[in-house]
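Colleague: Sharing a structure here in structure tokens format.
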Amino acid sequence: PWDGQWTIVQFRAGTEDRVERERLREVLRAEGFAAAGAGLYLHPRDRSARLLAAASGHGVRDMLEVFRGTRVADAAEVTG
């Protein structure tokens, strides 16, 4: 079952890093991440260890930040 947390990946790359950017995009696609915006990817499962290992293997580990996050309740749910 889903634990309610998302794996969120932000990657940064300069214009000179085109090859590395493509490698990272391929790693993200292979792990099942979906693009949510420029340099931002999401996955509903914890794929952080697999992603970090794959990124390290491709030499692009330093280009990404990986987070695990949950949905924040809206104001109506918080105040009751």
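Colleague: Among residues other than residue 51 whose Cβ falls under 13 Å from its Cβ, what is the net charge (Lys/Arg +1, Asp/Glu -1)?
Modeller: Here the count lands on +4.
Colleague: Figure the gain on full extension for residue 73 and residue 3 (residue separation times 0.36 nm, minus the Cα-Cα span) and round it to one decimal in nm.
Modeller: 23.6 nm
Colleague: Next question. Quick one: among 11, 33, 67, which has the greatest mean-square fluctuation in a GNM of the chain with alpha-carbon springs under 10 angstrom?
Modeller: 67
Colleague: Add -39500 (n - 2.57) for each DSSP H run of 4 or more in the chain, then divide by its residues: what number comes out at 222 nm, to the nearest 500 deg cm²/dmol?
Modeller: Computed ellipticity for the chain at 222 nm equals -10000 deg cm²/dmol.
Colleague: Specify the residue with the greatest mean-square fluctuation among 37, 69, 59, computed from a Gaussian network of the chain linking alpha-carbon atoms under 10 Å apart.
Modeller: 37
Colleague: Pick the calculated semi-axes √(5λ) of the Cα gyration tensor in Å for this structure from [x] 21, 20, 11; [y] 26, 18, 11; [z] 28, 14, 9?
Modeller: The calculated read-out lines up with [z].
Colleague: Can you tell me, using C-alpha contacts under 8 Å and at least 6 residues apart, the relative contact order of the chain as a whole percent?
Modeller: Relative contact order here is 46 percent.
Colleague: Next up: At 4 °C and 1.567 mPa s, what whole-number value in µm²/s does Stokes-Einstein give for the translational diffusion of the stretch 1-48, with Rh from the Kirkwood sum over Cα pairs?
Modeller: Roughly 114 µm²/s, to the nearest whole number.
Colleague: Another question, if that's okay. Mind grabbing the accessible area of residue 61 for me, 1.4 Å probe, Å², rounded to tens?
Modeller: My reading of the accessible area for residue 61 is about 100 Å².
Colleague: Hey, what's the stretch 14-61 come to in accessible area per residue, 1.4 Å probe, Å²?
Modeller: Spelled out: the 1.4 Å probe surface of the stretch 14-61, per residue, equals 61 Å².
Colleague: Residue 35: net charge of surrounding residues, Cβ under 11 Å, Lys/Arg +1, Asp/Glu -1, itself excluded?
Modeller: It works out to a net charge of +2.
The values are calculated or read from the model by the stated rules, or taken from the named source; none is laboratory data. This is a predicted model, so every value here is computed, not measured. No Cβ is skipped: glycine too gets one built from the backbone with ideal geometry, and neighbour counts run over all protein chains shown. Note: areas computed on protein heavy atoms with side chains; ligands, DNA, RNA excluded. Shrake-Rupley method; radii C 1.70, N 1.55, O 1.52, S 1.80 Å.
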